[in-house]
Amino acid sequence: MVSSTSSIPFCQGANPFVRTPSFAIPRGACDTHAHVIGGARFPMVANRSYTPPAASEESYLAMLDALGMDRGVLVQISVYGTDNSCMVETLRRHPGRLRGVAVVAPDVSDAQLEELSAAGVRGVRINALFGGGIAIEELERLAARIAPLGWHVQLLINVQTLPEIAPIIARLPVEVVFDHMGHIPVESGTDHPGFAQMVEFLKDGKAWVKLSGAYRMSAQEANFDDTLPFAQALGEAAPDRCVWGSDWPHVALTQPMPNTGDLLELLELWVPDEQLRNNILVTNPARLYGFAGPAAS
């Protein structure tokens with residue numbers, strides 16, 4: 001049910017203007033991280049960390065079109081808990097173009113998992129940073145449940161804590177995707193043991209990483225130049241295990257709202273090599289999320 005607690009902060013909506021990037025976007029490019037947020041028909045959980053405004057399917061698709069993205073991956077937003085219905089309705093209307101990452105309880109039924117898979121879901125998200133998510137303690141149990149489906153686990157954690165759970169991740173029967181370059185503050189540096197552990201998981205083929213959420217790591221309110229060493233380290237270590245995501249509509253920010261096109265523009269700075277960049281936008285997400293054939297709506 002919707003919380004009436006006045007202490008839950010409201011967050012601003014995304015910039016409705018999306019600047020078209022200056023570099024060429026290849027056919028089949030994919031934004032691997034965004035959210036749709038419905039209206040009153042989709043009640044938010046009481047234990048959420050923030051209250052976002054609506055971010056409609058139409059606005060989301062318009063954002064993809066403005067960026068030149070033929071494909072997209074929707075991630076279940078924490079404010080809906082384990083009720084994936086808003087995301088799933090959107091996935092079902094665009095089976096050729098969209099995939100999803102769900103949030104499910106460890107006791108979810110096999111039939112429910114199969115239904116999500118049929119809708120286009122290809123992974124489950126563990127969220128250790130915002131209320132409404134599934135806790136890291138459920139990692140092994142959930143991984144065992146989704147392994148038969150060929151799904152992955154997506155982790156929203158600050159990788160400063162990664163050394164503590166690295167042995168668990170290493171023995172999981174599924175691959176792992178790290179959100180937002182590990183969500184580590186830039187002050188920690190690329191030599192932090194947690195960031196180094198994430199890089200090792202990428203090199204070993206155990207994990208993937210989303211080159212996304214620069215503003216969630218940066219000490220700056222614009223440009224986010226201080227994230228460059230992190231993105232470059234990830235791209236150089238394992239370019240075949242990197243994907244890009246907008247993180248639209250950029251929920252729970254306290255700094256000024258970025259332009260989504262400017263965030264895509266960062267990718268050219270992070271990965272100057274056009275072929276590697278195209279792989280990050282097209283080939284890698286096609287492998288990870290099971291896109292096949294030409295992009296379709």
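What follows is calculated from the coordinates using simple rules that are stated; it is not laboratory data. Since this is a predicted model, take the numbers as computed values, not measurements. Cβ coordinates were reconstructed from backbone atoms using ideal geometry, including for glycine residues, and neighbour counts include every protein chain displayed.
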_Shape category assigned to the chain from the gyration tensor of Cα positions, a/c cut at 1.5_ = rounded
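Charges at C-beta only: +1 for Lys and Arg, -1 for Asp and Glu. How large is the resulting dipole of the range 203-297 about its Cα centre, in Debye rounded to 20? Write down the numbers at each step before the final one.
Values: 7 positive and 12 negative charges, 103 e Å.
So the magnitude is around 500 debye.
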_Within the chain, percent of DSSP bridges classed antiparallel, to nearest 5_ = 5
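Rounded if a/c is under 1.5, else prolate if a/b beats b/c, else oblate: with a ≥ b ≥ c from the C-alpha gyration tensor eigenvalues square-rooted, which is the range 40-198? Could you put the intermediate results ahead of the total?
Values: a/c = 1.58, a/b = 1.31, b/c = 1.21.
Since a/c reaches 1.5 and a/b is larger than b/c, the shape of the range 40-198 is classed as prolate.
Could you state, as a whole-number percent, how many of the C-alpha pairs of the range 109-233 are farther apart than 21 Å? Can you show the working numbers first?
Working: 3128 of 7750 pairs.
Across the range 109-233, Cα pairs with separations above 21 Å total 40 percent.
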_Only Lys, Arg (+1) and Asp, Glu (-1) charged, at Cβ; the range 30-286 dipole about Cα centre in debye_ = 660
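Work out, step by step, the length gained on full extension between K203 and A111: first 0.36 nm times the residue separation, then minus their alpha carbon distance; give nm to one decimal.
Values: separation 92, 0.36 × 92 = 33.12 nm, distance 3.47 nm.
Residue separation times 0.36 nm, minus the Cα-Cα distance, leaves 29.6 nm.
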*With each label point set 7 Å from Cα along the Cα-Cβ vector, what nm distance links R41 and A62?*
1.9
*Cα centroid distance between the range 189-239 and the range 49-88, in Å?*
24
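Return the calculated 222 nm mean residue ellipticity for the chain, to the nearest 500 deg cm²/dmol, obtained by summing -39500 (n - 2.57) across DSSP H runs with n ≥ 4 and dividing by the residue count. Let's see the in-between values first.
Working: 11 runs with 94 residues, N = 297.
The helix contribution divided over the chain gives -8500 deg cm²/dmol.
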